[in-house]
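Report on the following structure.
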Amino acid sequence: MSIIMYHNPKCSKSRQTLALLRERNIEPEIIEYLQTPPSAAELDHILTMLGIEPEALMRKGEIEYKEYFKGRELSRAQAIDLMIQHPKVIERPIVVHGDKAALGRPPEQVLEII
């Protein structure tokens, strides 16, 4: 079963998570989500696997969060669509293994689904 990692190489937690996987001889399929954001269906499925709502997967310190999300009443679908349009607000890294997903914060958290 393949392992997918939504990765931002500029993020230290994302790099640490990738290194942790590779230390265990796990080479995930890497998706640099800033260049290739997930589709709405993919992000919705990831949120379901994580057991969280879109707001919980947002980086609230990002300018895009403050411009497009903060203080707005958005439906789940609206929030997901905006997250795809502004992927910088998506928290990272996210690792998907089969029907499970984990956020690499801290990086060791992804080991729970491997």
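List of remarks:
- The set of residues in the stretch 86-109 that are over 12 Å from the mean Cα position of the chain (by Cα) and touching a residue at least 40 places away in the same chain (Cβ under 8 Å) comprises H97, G98, D99, K100, P106, P107, E108.
- Selection within the stretch 76-101 - assigned to a strand (DSSP E or B) and either within 12 Å of E55 (Cα to Cα) or basic (K, R) (or both): I90, K100
- The single residue among A101, A41 that is surrounded by 11 or more Cβ atoms within 10 Å (Cβ to Cβ) and at pLDDT 95 or above turns out to be A101.
- All positions within the stretch 35-52 that are in a helix (DSSP H, G or I) and farther than 19 Å from N8 by Cβ: A40, A41, D44, H45, T48, M49
- Among the candidates E67, E55, E73, residue that is part of a helix (DSSP H, G or I), out of contact with any helix residue (DSSP H, G or I) (no Cβ under 9 Å at 6 or more places or on another chain) and among the charged types (D, E, K, R): E67
- Options I26, I80, I30, I46; residue that is touching a residue at least 24 places away in the same chain (Cβ under 8 Å) and over 25 Å from L111 (Cα atoms): I80
- Just one of the listed residues (Y68, Y6) is within 11 Å of the chain's Cα centre (by Cα) and of a type in the set (F, W, Y), and it is Y6.
The values are calculated or read from the model by the stated rules, or taken from the named source; none is laboratory data. These numbers come from a predicted model, not from an experiment. So basically every Cβ, Gly included, is an ideal-geometry build from the backbone, and we count neighbours across all protein chains shown.
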